[in-house]
Protein chains: 2
Amino acid sequence: MSRIVKAASAQMGPIPKSQSRKQAVSRLVAMMREAKGRGAELVVFPELAFTTFFPRWMIEDEAELESYYETEMPGPETAPLFEESKKLGVGFYVSYAELVNEGGRRRRFNTSIIVDRNGEIVGKYRKVHLPGHSEPQPGRVHQHLEKRYFEPGNLGFGVWRAFGGVMGMCICNDRRWPETYRVMGLQGVEMIMLGYNTPFDHTGHADIDGLTSFHNHLSMQAGAYQNSTWVIGTAKCGKEEGSSMVGQSVIVAPSGEIVAMAATLEDEVITANCDLDIGKRYRQTIFDFARHREPEAYRLIVERKGAIAPPEN
Amino acid sequence: MSRIVKAASAQMGPIPKSQSRKQAVSRLVAMMREAKGRGAELVVFPELAFTTFFPRWMIEDEAELESYYETEMPGPETAPLFEESKKLGVGFYVSYAELVNEGGRRRRFNTSIIVDRNGEIVGKYRKVHLPGHSEPQPGRVHQHLEKRYFEPGNLGFGVWRAFGGVMGMCICNDRRWPETYRVMGLQGVEMIMLGYNTPFDHTGHADIDGLTSFHNHLSMQAGAYQNSTWVIGTAKCGKEEGSSMVGQSVIVAPSGEIVAMAATLEDEVITANCDLDIGKRYRQTIFDFARHREPEAYRLIVERKGAIAPPEN
């Protein structure tokens, strides 16, 4: 069995508020066809790929807010993507806002799934690291209310055997946290898929925001290298409802090298033949966890949530 | 009180086996004076800075092996560095092989210390992540026997208030492991000092070893950014006893940007004015650990040492 995964990252330009799910899905289907034409068997789509990035607004009307969520997957409007997947024999990763009844209550998550080449869901993840705020911040042109509209994911960081290897996933802000990659690395992950929506004004500090593109790549490259895994990061980007978002979707090798990158801020497909065995030499030498890790020295990572500095002298 | 630390990285070219401690110390003193002349109050020296990098050899003679270790710090030959520190009012970080009697037995560590501007030791660290092997590997031109000559550090990753901020340290291979930075980040670290000796043949795989310089910076830049801290990484480099080692000593800002870098493979001082408050904006926004971290999802990091992949289907 080949250990090469022919993968694509299918970046999306903006989805205006006025664009329907049906239209968004047709864009995804078109890119899936293009990826197939270029030999891909797996396509990674962005975060919240079926609608505009609604956490930028304070939405008080519950019905309006819930119109952005999926109550079934696939549902009537998203089914064509699954049908095309099965027809073409192309699997995919996609992220969406999920509304479910669980434990007797209505719950909302920022969710992603891996779908195999038969159009069947094989894995589900719910975003652990929610950025932004739960209350609107005064003075911000665009809000970032993910902490209001979602609760933190309750499924942990899982991995799944698919596409001939060990696949993992995460979403957007998760990529900045080394714990994300490491928990999957400890489960032998060989490819991590993720989608993101990252506005250039996400912190509100010009010095940080000006480095958004650099930080985007730095986090994914370090996560790939330090865990001997492929990382495929796919943006929704460009100017969406007045908010400018970073593009530069990438396919990163286990060396940490970027081997493919999007060059536009529009719908764009990039591809690479990803040899899962490249990670092996790293896992067997400098990153042989069983030989080199020292978990006793890491206890603070789980015992402490926030930073606590030593007392002032 | 100023929050700017005027810091230097004092890279060393090779130390031949024939060079005495006294000669090595005189090189360190000369660089300390140069750093002082350029306004520095703190100098970061390399790993195992008083001798050649002896773990490249299988040394069977115990007396010969122990000649590379320090049994006191300062000792007669290293004292001039501490005297110069006090005289100039320049603190420093340095790493050395440590031989101690602890718990009724002879123990060996790869150790580093922080010395304040009065020439007094204020913090001590023992390398946690020992690379290489405990037995010689057949077919290697240069061995890497740190696992034979040292035991893993037993002091954890501490931080200390010094130089007007919260200082941390680690050594060489520690810098590749995100846990290193994170444990210090959770203690509010603002500047991490580290020295390294990294031969270009450290894994024995040409594809990995060819990226040594890239990986050197990637790890330190990600560690700095993801923990909102300055990182100062100082090499011993160049061709030492036939082994070529990477240079490119750097001062990395909390943005992850390299703000100073050595351009030679010789003794070379680089400096930067490091504003500890730059990290604050990161710690208060995207890396506000108390708001954003989710330790429950990280448990595997301490519960598992080696990677365990899911069973094959």
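Readers should treat all values here as calculations from the given coordinates under stated rules, not as data from a laboratory. On a predicted model such as this, the values are computed, not experimentally measured, just so you know. We place every Cβ from the backbone using ideal geometry, glycine too, and count neighbours over all the protein chains shown.
A crude spin-label estimate for the pair residue B:264 and residue A:122, with each label 7 Å from Cα along the Cβ direction, gives 5.6 nm. Ranked by the mean number of other Cβ atoms within 10 Å of their residues, highest first, the peptides A:233-245, B:253-265 come out as A:233-245, B:253-265. Assuming charge only on the beta carbon of Lys and Arg (+1) and of Asp and Glu (-1), the dipole of the range A:4-303 about its Cα centre is about 600 debye to the nearest 20.
For residue B:277, the point set 7 Å out from Cα toward Cβ sits 5.6 nm from its twins in the other copies, listed from shortest up.
Each peptide in A:194-203, A:44-53 receives the mean, over its residues, of other Cβ atoms within 10 Å, and ordering these scores from highest gives A:44-53, A:194-203.
Other chains near A:146-154: what is the mean number of their Cβ atoms within 10 Å of each residue's Cβ? Write out the running numbers ahead of the final one.
Numbers: counts 0, 2, 0, 0, 0, 0, 4, 2, 2.
So the per-residue partner count for this stretch is 1.
Taking loop as defined by DSSP and a crowding limit of 16 other beta carbons within 10 Å, which trypsin sites (Lys or Arg not before Pro) in the range B:27-70 fit? Please list the in-between numbers first.
On the way: sites: B:27, B:33, B:36, B:38, B:56; in loops: B:38.
Hits after loop and neighbour filter: B:38.
Sorting A:209, B:207 on the 10 Å Cβ count, fewest up front, what's the list? Don't skip to the end; give the middle numbers.
Numbers: A:209 17, B:207 11.
Final ranking by Cβ density, sparse to dense: B:207, A:209.
Rounded, prolate or oblate: which fits the protein assembly as shown when a ≥ b ≥ c are the square roots of the eigenvalues of the alpha-carbon gyration tensor, with rounded for a/c under 1.5 and prolate only if a/b beats b/c? Because a/c hits 1.5 or more and a/b exceeds b/c, the protein assembly as shown counts as prolate. Rounded is the label for the range B:4-303. Its Cα gyration tensor axes, ordered a ≥ b ≥ c, give a/c under 1.5. Entry note, chain A: the mean residue ellipticity at 222 nm calculated from DSSP H runs of n ≥ 4, each adding -39500 (n - 2.57), is -6500 deg cm²/dmol after division by the residues and rounding to the nearest 500.
Projecting each Cα onto the charge dipole of the range B:4-303 (Lys/Arg +1, Asp/Glu -1 at the beta carbon, about the Cα centre), which of B:144, B:18, B:274 comes out farthest on the positive side? Farthest towards the positive pole: B:274.
Based on the Cβ-Cβ distance of residue A:63 and residue A:101, what FRET efficiency does E = 1/(1 + (r/R0)^6) give at R0 = 22 Å, to the nearest 0.05? Can you show the working numbers first?
On the way: r = 17 Å, r/R0 = 0.77.
The pair residue A:63/residue A:101 has a calculated efficiency of 0.80.
Work out the length of the dipole vector of the range B:1-133 about its Cα centre, built from +1 on the beta-carbon of each Lys and Arg and -1 on the beta-carbon of each Asp and Glu, and round it to the nearest 20 debye.
Working: 20 positive and 17 negative charges, 112 e Å.
With only Lys, Arg, Asp and Glu charged at Cβ, the dipole is about 540 debye.
Looking at the range A:4-303 only, what percent of DSSP beta bridges run antiparallel? Nearest 5 please. Of those bridges, close to 65 percent are antiparallel.
Calculate the dipole size of the protein assembly as shown relative to its Cα centre from +1 charges on Lys and Arg beta carbons and -1 charges on Asp and Glu beta carbons; express the result in debye to the nearest 20. Don't skip to the end; give the middle numbers.
Numbers: 74 positive and 78 negative charges, 66 e Å.
Dipole magnitude for the protein assembly as shown comes out near 320 debye.
Label-to-label distance for residue A:299 and residue B:29 is 4.3 nm, based on points extended 7 Å past Cα in the beta-carbon direction. The mean count of C-beta atoms from other chains within 10 Å of the C-beta of residues in B:221-234, rounded to a whole number, is 3. Averaged over the residues of A:126-136, the number of partner chain Cβ atoms lying within 10 Å of the residue Cβ comes to 2. Pop the C-beta distance of residue B:17 and residue B:87 into the FRET formula with R0 = 22 Å and round what comes out to the nearest 0.05. So, using R0 = 22 Å, E works out to roughly 0.10.
So, counting K/R as plus one and D/E as minus one, what does the shell of residues with Cβ under 14 Å around residue B:66 add up to? Kindly include the intermediate steps, with their values, before the conclusion.
Working: positive: B:21, B:106, B:107, B:108, B:148; negative: B:60, B:61, B:62, B:64, B:70, B:72, B:98.
Spelling it out: positives minus negatives among the neighbours equals -2.
Karplus-derived 3J(HN,Hα) values for the range B:42-52, using 6.51 cos²θ - 1.76 cosθ + 1.60 with θ = phi - 60°, are 8, 10, 9, 9, x, 6, 6, 7, 9, 9, 5 Hz; glycine and proline are entered as x.
Counting only DSSP beta bridges whose two residues both lie in the protein assembly as shown, roughly 65 percent are antiparallel.
Projected label points at residue A:71 and residue B:77, each 7 Å from Cα along the beta carbon direction, are separated by 7.8 nanometres.
So for each of A:136-147, B:213-224 I average, over its residues, the number of other beta carbons within 10 Å; can you give me the resulting order with the highest mean first?
Taking the mean over residues of other Cβ atoms within 10 Å, the ranking is B:213-224, A:136-147.
Computed from the C-beta positions of residue A:4 and residue A:213, the FRET efficiency with R₀ = 35 Å rounds to 0.75. The range A:208-262 and the range A:269-291 have their alpha-carbon centroids 18 Å apart.
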